[in-house]
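Heads up: the structure comes next, in structure tokens.
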Amino acid sequence: LSIYGGSDYGGQLRALRDGVSIVVGTPGRIIDHIERKTLNLNSLKTVILDEADEMISMGFKEEIETILKAVEQVEKHQTWLFSATMSREIRKIADQFFDEPEQIQIATPEGVTAPIKQFYYPVREDEKPDVIEKLIDQVNDFYGLIFCQTKMLVVDLTQTLKSHGYQVDCLHGDMDQNARERTMRAFKAKQCTLLVCTDVASRGIDVKELTHVINYSLPRELDLYVHRIGRTGRGGKVGLALSLVTSSHMGLVA
């Protein structure tokens, strides 16, 4: 059962009463059901916190702690924490709530194993929209993602590209789940061939045919950069990762 804000309570309550094996939910709605006692934790065996680093960066640290405090009363359960990065805050949570935790590293951020060609373009900030359009126009079958640092940049760039006739949509953290699902269905069906997004909103995107990833703004963390560009170059195909770099960020690629 999936439970998240903006979805119907009635259907969730009926499903929870009937009994489900797995509940997948957002922190706020999970806490809501725990407090209403409509989510029974007595038989809980496994707790999974996915994208823990991003949830903390989005301000959900208190919600994570509230959930972990609720489930630590349940005997004989396991907690799995999945995180692309191991930040100080993640370690604090593990030290506080985990009993002799084991760390398993399944990937390293040092490099890219997929066949991806990487290029960067020195630009001024005000040149970025024009450069983006020139890069897209050079490709007949462009199908890719553009990453921006903020929701405002995502919205502004999407509007600019739409006004110039591009098949484009966007993903950002303020979109509800229904809007996100509609956007992803359209993108996977190639009704739009360009998706502008933030890192948080893009988590979980898995589209094997992507030809390009463009960094409208460079991330400061290497592993985040690797995570972004790793969405192209899948299925044995060569991908292209293009980054727009202003003078203030040139040190990140030097």
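Where does helix 61-71 land angle-wise versus the long Cα axis of the chain, in degrees 0 to 90, nearest 10?
In the chain, helix 61-71 runs at an angle near 30 degrees to the longest axis.
With θ taken as phi - 60° and the coefficients 6.51, -1.76 and 1.60, list the Karplus ³J(HN,Hα) couplings across the range 140-155 in order, rounded to whole Hz; mark glycine and proline as x.
In residue order, the calculated couplings are 6, 10, 4, 8, x, 10, 10, 9, 10, 6, 10, 4, 4, 5, 4, 5 Hz.
Calculate the spin-label point distance for residue 42 paired with residue 123, positioning each point 7 Å from the Cα along the beta-carbon direction, and give it in nanometres.
Taking the two extended label points, one gets 5.9 nm.
With a 1.4 Å probe and all protein chains in place, put 17, 182, 234 in order of accessible area, largest first.
17, 182, 234
In the range 108-254, carbon and sulfur make up what percent of the accessible area (probe 1.4 Å)?
50 percent
Given a 1.4 Å probe and every protein chain left where it sits, what share in percent of the accessible area of the range 1-66 is carbon and sulfur?
Carbon and sulfur: 50 percent of the exposed surface of the range 1-66.
Considering every Cα-Cα pair within the range 1-155, what fraction, in whole percent, is farther apart than 23 Å?
Of the Cα pairs, 57 percent sit more than 23 Å apart.
Which angle between 0 and 90 degrees, to the nearest 10, do you get for helix 9-18 versus the longest principal axis of the chain when only C-alpha atoms count?
Between helix and principal axis, roughly 50 degrees.
For the range 1-72 and the range 147-208, what is the separation of their C-alpha centers, rounded to whole Å?
26 Å
Let me know the shape class of the range 115-254, please: from the alpha-carbon gyration tensor, a ≥ b ≥ c as square roots of the eigenvalues, rounded when a/c is under 1.5, otherwise prolate if a/b is greater than b/c, or oblate.
Rounded shape, in that the Cα axes give a/c under 1.5.
Please find the FRET efficiency linking residue 105 to residue 159, where r is the Cβ-Cβ separation and R0 is fixed at 30 Å, and quote it to the nearest 0.05.
Plugging the Cβ-Cβ distance into 1/(1 + (r/R0)^6) gives 0.15.
Given 117/162; 37/76; 117/151; 61/117; 45/188, which pairs have Cα atoms separated by over 25 Å?
Check vs 25 Å cut-off fails for 117/162; 117/151; 61/117; 45/188.
Using Cα atoms only, what is the angle between the long axis of helix 128-137 and the major principal axis of the chain, expressed in degrees (0 to 90) to the nearest 10?
Its long axis makes an angle of about 80 degrees.
Suppose R0 equals 41 Å; then what is the FRET efficiency for residue 248 and residue 69 from their Cβ-Cβ distance, rounded to the nearest 0.05? Numbers along the way, then the final one.
Numbers: r = 42 Å, r/R0 = 1.02.
According to the calculation, E is roughly 0.45.
Search the structure for amide H atoms under 5 Å from the amide H of residue 239, placed 1.01 Å from N in the peptide plane, and list their residues when 5 or more places away or on another chain.
Sorted by chain and number, the residues that satisfy this are 116, 117, 233.
What number comes out for accessible area per residue over the chain if the probe is 1.4 Å? Units Å², please. Working shown, then result.
Working: 14990 Å² over 254 residues.
In whole numbers, the chain has 59 Å² accessible per residue.
Once you place label points 7 Å from the Cα toward the Cβ at residue 175 and residue 21, how far apart are they in nm?
Taking the two extended label points, one gets 3.1 nm.
Treat each spin label as a single point 7 Å out from the Cα along the C-beta direction, and report the residue 8 to residue 140 distance in nm.
In this crude label model, residue 8 to residue 140 measures out at 4.7 nm.
The values are calculated or read from the model by the stated rules, or taken from the named source; none is laboratory data. The structure presented is a predicted model; accordingly, all values stated were derived computationally and were not measured. Here Cβ is always computed from backbone atoms with ideal geometry, including for glycine, and neighbour counts include all displayed protein chains. To get the accessible areas, we keep the full protein, side chains included, count just its heavy atoms, and leave off ligands, DNA and RNA. Shrake-Rupley method; radii C 1.70, N 1.55, O 1.52, S 1.80 Å.
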